[in-house]
């Protein structure tokens, strides 16, 4: 059910953008537990996907202590000197595209981001068929030498994967589909990508940590720390998405936009560190299988808005051909052009 508006939580609003609009907060307890009320939750998710493409979830079932622990360990990692952090640099991850990158090394819309981070994905050993085939973005992770870091990250990814399955069941129900529609076609074995980002303190608060962009896949689930700074584009302007305790901010990506013929649109968003300290964020991407061919859903009729001229690469998700892996590699290779030349 629709629980409340974001302003129901009194946060430190000194640095938040004042807007008259709010993003919906949805209690998904019934969806996670598969109890009565699932359809009501699904309907609320559907409204959010049609109207803004972003929503908060509470009642998600992910252990709060696990969320606290991963934040603590991440602060410990980013507090290290640069040489130590570079010991797990992305170049060492090769084709698996895992590891650490420094501030300015990642591009969004062709411009350097003011953030550093670590890339993770499903932990796959050398004998996994996709690894043996040399498939990009598949393989083992690189973990820092910090006690508990590896186990905490893997536990968090497992919990988020389960949440992703629950939310996609809800999205299926919101579209009048069977609850297993997406699992049967795309996400029985989803492509999992997880990032931990650190946005350094910006005394002038003028530089974008991440510029305007949409996400590539199906669904993003974001854990924020208490700093704020996430902004969502709407018809009326930019909406702030401040942190809410024990919640995740969810947004739909380009593939769900394509599947629904634009009924559920991938919404542009951006980040600026407006706090008086470093900002941490934890985006988790729940995406179609790498080899899945993403197609529009039969029976959904929508006049999609062609926003190619608003996208920095002037491309349309509605003209996509090939697999999700093809689409993702094309996008990610533009994020790290130097690394692309070395490993792809």
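Give me the residue from segment 296-322 that is surrounded by 13 or more Cβ atoms within 10 Å (Cβ to Cβ) and under 30 Å from residue 204 (Cα atoms) and, out of that set, modelled with the highest pLDDT.
Selected residue: 311.
Residue by residue, here is whether (1) outside any loop (DSSP other than H, G, I, E, B); (2) surrounded by 14 or more Cβ atoms within 10 Å (Cβ to Cβ); (3) at pLDDT 95 or above; (4) touching a helix residue (DSSP H, G or I) at 6+ places or on another chain (Cβ under 8 Å) holds:
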position: 3; (1), (2), (3), (4): yes, yes, no, no
position: 7; (1), (2), (3), (4): yes, no, no, no
position: 13; (1), (2), (3), (4): no, no, no, no
position: 18; (1), (2), (3), (4): no, no, no, no
position: 21; (1), (2), (3), (4): no, yes, no, no
position: 26; (1), (2), (3), (4): yes, yes, yes, yes
position: 31; (1), (2), (3), (4): yes, yes, yes, yes
position: 44; (1), (2), (3), (4): yes, yes, yes, no
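Output the strands (runs of 3 or more DSSP E) that fall wholly within segment 172-250 and possess 1 or more residues being under 15 Å from the mean Cα position of the chain (by Cα) and buried (at least 21 other Cβ atoms within 10 Å of the Cβ), or say none.
Output list reads 191-199, 210-213, 219-224, 230-234.
Whether any residue in segment 278-295 is assigned to a loop (DSSP other than H, G, I, E, B), more than 18 Å from residue 216 (Cα to Cα), at pLDDT 90 or above and under 22 Å from the mean Cα position of the chain (by Cα) is what I want to check.
Yes, that holds for at least one residue.
Out of curiosity, is residue 265 within 30 Å of residue 130 (Cα to Cα), outside any strand (DSSP E or B) and in contact with a helix residue (DSSP H, G or I) (Cβ under 8 Å, 6 or more places away or on another chain)?
No.
Any residue that is under 30 Å from residue 207 (Cα atoms), under 17 Å from the mean Cα position of the chain (by Cα), in contact (Cβ under 8 Å) with a residue 12 or more places away in the chain and in a loop (DSSP other than H, G, I, E, B) - is there at least one of those in segment 136-145?
Yes, there is a match, as at least one residue in segment 136-145 is under 30 Å from residue 207 (Cα atoms), under 17 Å from the mean Cα position of the chain (by Cα), in contact (Cβ under 8 Å) with a residue 12 or more places away in the chain and in a loop (DSSP other than H, G, I, E, B).
How many residues does segment 241-250 hold that are in contact with a helix residue (DSSP H, G or I) (Cβ under 9 Å, 6 or more places away or on another chain) and under 21 Å from residue 210 (Cα atoms)?
Summing the residues that are in contact with a helix residue (DSSP H, G or I) (Cβ under 9 Å, 6 or more places away or on another chain) and under 21 Å from residue 210 (Cα atoms) in segment 241-250 gives 5.
So how many residues does segment 183-216 have that are at pLDDT 95 or above and either out of contact with any strand residue (DSSP E or B) (no Cβ under 9 Å at 6 or more places or on another chain) or within 26 Å of residue 168 (Cα to Cα) (or both)?
Within segment 183-216, residues that are at pLDDT 95 or above and either out of contact with any strand residue (DSSP E or B) (no Cβ under 9 Å at 6 or more places or on another chain) or within 26 Å of residue 168 (Cα to Cα) (or both) number 15.
The values are calculated or read from the model by the stated rules, or taken from the named source; none is laboratory data. Predicted, not measured: the structure shown is a model, and the values here were computed from it. Here Cβ is always computed from backbone atoms with ideal geometry, including for glycine, and neighbour counts include all displayed protein chains.
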